[in-house]
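If you scroll down you'll find the structure; I have some questions about it.
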Amino acid sequence: MEKNKFYITTPLYYVNASPHIGHSYTTIAADCLSRFMRAQLGKDNVFFLTGTDEHGQKVQKAADAGGMSPQEFADQTVSHFKSLWEKLGISYDYFIRTTDKKHVDFVSRVLEIVYEKGDIYEDEYEGLYCTPCEAFWTKMQAGDSLCPDCKRPVELIKEKNYFFKLAKYQDWLIDHIKKNPEFIKPEIRRNEVLSFLSLNKLDDLCISRPKERLGWGIPLPFSSGHVTYVWFDALVNYISAVGDFNNKGEYSSRWWPADVQLIGKDILRQHAVYWPIMLKALGVELPKTIFAHGWWMLGDSKMSKSRGNVVNPLDMAEKYGIDTYRYFLLRDVPFGLDGNFSEEAIIKRYNSDLANDLGNLVYRTLTMIEKYYQGKIPEPGPRDEKTKEIYNKIASLPEKIKIALADYNFGLALEEIWALINLANKHVEETKPWNLAKENRAGELQSFIRLLADVIKKVSEVLYPFMPDTAEAIKAQFGETEIKKGKPLFPRIET
Ligand code: MSP
């Protein structure tokens with residue numbers, strides 16, 4: 001296994017609907033980390049995987065409703081995802097679709113290996129089934145024999161299915177989570193999984209669906225009457241995209257194990273319970289970290305297609321700019337917690353952090369370089385105590401960001417950058433450079449202006465993973481020796 005590599009994944013998004021803000025959140029966070037790690041390790045040592053989850057009932061249903069085949073439907077939605085990622089500047093290395101032939105063959109192989117090992121067995125499945133919703137419910141969920149969703153009667157169904165032995169690995173998993181504090185993050189999610197595992201006995205997982213009920217899936221290699229349950233298929237993407245089994249069933253990959261798998265907290269159970277057990281059964285290493293972030297909410301409810309309260313990321317990016325949108329998502333809510341989405345909140349962040357703090361620092365510095373030095377960035381001058389203090393802050397900033405991002409704390413990393421921006425702005429107010437100019441204190445003015453230019457260059461460097469276009473725009477305005485003043489980066493939004 002290579003040490004100097006970084007492999008990061010997002011969930012595979014269902015193609016039953018177009019992407020919304022929630023999907024873009026995970027992907028933007030992954031993009032930011034990938035860009036950051038490329039700068040640390042070199043671009044060839046980072047692998048960023050995203051893609052789409054295309055099989056299963058949800059997609060089949062959406063395709064039926066649209067009068068299309070599931071494959072046609074998936075092709076159509078995939079193009080929306082891809083074009084959104086392109087517009088948002090998402091620098092993924094590979095886009096996997098669960099309908100890719102390589103993935104389909106790989107899943108078959110996984111099933112064969114686990115089946116031969118004896119961890120998949122056939123049994124009778126019994127459950128209360130709601131035909132219109134196409135969903136199974138437990139006795140507890142449908143206590144009154146009515147579907148908890150649509151309130152229509154459910155019927156008891158018995159059918160032959162295949163089960164994956166989760167229960168067998170329960171103690172092993174508890175032990176692994178306890179011994180590896182980094183495995184599930186943040187802490188609150190780790191505790192949630194541990195307490196779930198300690199208080200409940202795991203049921204084995206039903207990993208097949210009879211073809212007559214659901215045709216849209218990967219056929220089970222050992223039963224022609226069944227397809228694979230969508231989660232058993234989709235989770236496998238994280239290894240199918242980056243490696244292969246040899247004929248002895250041993251997996252090898254340049255990238256696996258993943259360094260971090262970003263997910264939303266809605267799919268924690270699948271990633272922190274099913275997935276590690278699948279890997280264990282396959283004899284494949286576990287990912288180092290699974291990080292579950294919180295939800296973007298609209299009012300009191302989670303933004304989701306089924307609730308019909310989704311906001312289109314493209315609308316936001318077009319209205320406020322891609323980098324403003326990225327900045328807002330990564331800055332406004334601590335990664336891991338839920339947050340409320342509103343345009344007022346975007347505008348507030350924009351006007352204060354981007355227009356007032358960053359934009360203002362850049363613009364006033366350019367203006368002074370133009371005015372006092374005819375557009376040439378002055379040489380460094382003598383340094384007083386305050387100046388030295390700010391240079392120390394410049395020097396220590398990259399390490400602070402590294403520490404914050406090692407903990408997936410995007411908000412803190414940005415706060416550190418803004419602390420320097422604000423320090424520089426305060427320094428301008430206190431130094432009153434216009435007086436230095438009037439009083440002919442040339443050495444001080446030179447040192448002061450050079451300091452501001454150095455602050456801005458560092459800011460643009462460290463801002464790159466978060467706001468790539470802005471970083472480039474600043475870089476283009478501050479050359480090695482000369483400036484090229486453009487329009488203000490973030491003109492205030494009047495409300
Ligand atoms: N297809 C499965 C995942 C399979 S992974 C092998 C799935 N897809 S999904 O389209 O429903 O997307 C789920 C992911 O989208 C969440 O885990 C999260 O990353 C993101 N989000 C969806 N809605 C969200 C919010 N309202 N807020 C934040 N992120 C959310 O589940």
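The values are calculated or read from the model by the stated rules, or taken from the named source; none is laboratory data. The shown structure was predicted, so the numbers you read here are calculated from the model rather than taken from an experiment. Every residue, glycine among them, receives a Cβ derived from its backbone with ideal geometry; neighbour counts consider all protein chains shown.
Yes/no matrix, rows are residues, columns are (1) under 30 Å from Tyr372 (Cβ atoms); (2) in contact with a Phe, Trp or Tyr (Cβ under 9 Å, 6 or more places away or on another chain); (3) outside any helix (DSSP H, G or I):
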position	(1), (2), (3)
Lys400	no, no, no
Ala404	no, yes, no
Leu412	no, no, no
Glu415	no, no, no
Ile421	yes, no, no
His427	yes, yes, no
Glu430	yes, no, no
Leu436	yes, yes, no
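Would you call Thr98 over 17 Å from the mean Cα position of the chain (by Cα), within 16 Å of the ligand (Cβ to nearest atom), in the same structural domain as Val236 (by TED's automatic domain parsing) and modelled with pLDDT of 95 or more?
yes
Among Asn4, Asn16, which is within 11 Å of the ligand (Cβ to nearest atom), more than 10 Å from the chain's Cα centre (by Cα), modelled with pLDDT under 95 and not in a strand (DSSP E or B)?
Asn16
Within the stretch 53-63, can one find any residue that is in a strand (DSSP E or B) and away from the ligand (no atom under 11 Å from the Cβ)?
The answer is no; no qualifying residue exists.
Something else now. Answer yes or no as to whether Val333 is of a type in the set (Val, Ile, Thr) and within 22 Å of Phe81 (Cα to Cα).
The answer is no for Val333.
What number of residues in the stretch 451-470 are in a helix (DSSP H, G or I) and either touching an Asp or Glu at 6+ places or on another chain (Cβ under 7 Å) or more than 26 Å from Ala413 (Cβ to Cβ) (or both)?
Looking only at that region, the number is 2.
Within the bounds of the stretch 348-355, is there any residue that is surrounded by fewer than 15 Cβ atoms within 10 Å (Cβ to Cβ), more than 15 Å from the ligand (Cβ to nearest atom) and not basic (Lys, Arg)?
Yes, some residue in the stretch 348-355 is surrounded by fewer than 15 Cβ atoms within 10 Å (Cβ to Cβ), more than 15 Å from the ligand (Cβ to nearest atom) and not basic (Lys, Arg).
Just checking, does the stretch 192-202 include any residue being assigned by TED's automatic domain parsing to the domain that holds Gln60 and buried (at least 19 other Cβ atoms within 10 Å of the Cβ)?
yes
Further, regarding this structure: Answer with yes or no whether Gln141 is within 30 Å of Ser198 (Cα to Cα), in contact with a Lys or Arg (Cβ under 9 Å, 6 or more places away or on another chain) and among the polar types (S, T, N, Q).
Spelling it out, it is not the case that Gln141 is within 30 Å of Ser198 (Cα to Cα), in contact with a Lys or Arg (Cβ under 9 Å, 6 or more places away or on another chain) and among the polar types (S, T, N, Q).
Let me ask something else. Write out, first by first residue and then by second, each pair whose Cβ atoms fall under 6 Å of each other, whose residues are 6+ apart or on separate chains, and whose first residue, in the stretch 224-235, is under 12 Å from Thr98 (Cβ atoms) while the second is within 12 Å of the ligand (Cβ to nearest atom) and assigned to a strand (DSSP E or B).
Listed pairs, sorted by first residue: Ala234/Leu12; Ala234/Asp53.
Which one is farthest from Ala142 (Cα to Cα), of the residues in the stretch 116-130 that are in contact (Cβ under 8 Å) with a residue 60 or more places away in the chain and crowded, with 20+ Cβ neighbours inside 10 Å?
Result: Asp119.
Moving to a separate point now. Take the stretch 443-462 and flag every residue that is out of contact with any Leu (no Cβ under 8 Å at 6 or more places or on another chain) and over 13 Å from Thr365 (Cβ atoms).
Within the stretch 443-462, Gly443, Gln446, Ser447, Glu461 meet the criteria.
Looking at this structure, is Phe47 part of a helix (DSSP H, G or I), more than 15 Å from Trp85 (Cβ to Cβ) and in contact (Cβ under 8 Å) with a residue 12 or more places away in the chain?
No.
Name the strands (runs of 3 or more DSSP E) wholly within the stretch 232-309 that hold at least 2 residues that are away from the ligand (no atom under 15 Å from the Cβ), at pLDDT 95 or above and touching a helix residue (DSSP H, G or I) at 6+ places or on another chain (Cβ under 9 Å)?
243-245, 251-253
Still on this structure: For residues that are closer than 18 Å to Asn237 by Cα and near the ligand (Cβ under 9 Å from one of its atoms), scanning just the stretch 19-50, find the one that is surrounded by the fewest Cβ atoms within 10 Å (Cβ to Cβ).
Thr26
Does the stretch 130-137 contain any residue that is at pLDDT below 95, aliphatic (A, V, I, L, M) and closer than 23 Å to Lys265 by Cα?
Yes, some residue in the stretch 130-137 is at pLDDT below 95, aliphatic (A, V, I, L, M) and closer than 23 Å to Lys265 by Cα.
Pairs only if they're at least six apart or on different chains, beta carbon under 6 angstrom, first in the stretch 61-73 and touching a residue at least 40 places away in the same chain (Cβ under 8 Å), second exposed (fewer than 13 other Cβ atoms within 10 Å of the Cβ); list them, first residue then second.
Short answer, once both residue conditions are applied: none.
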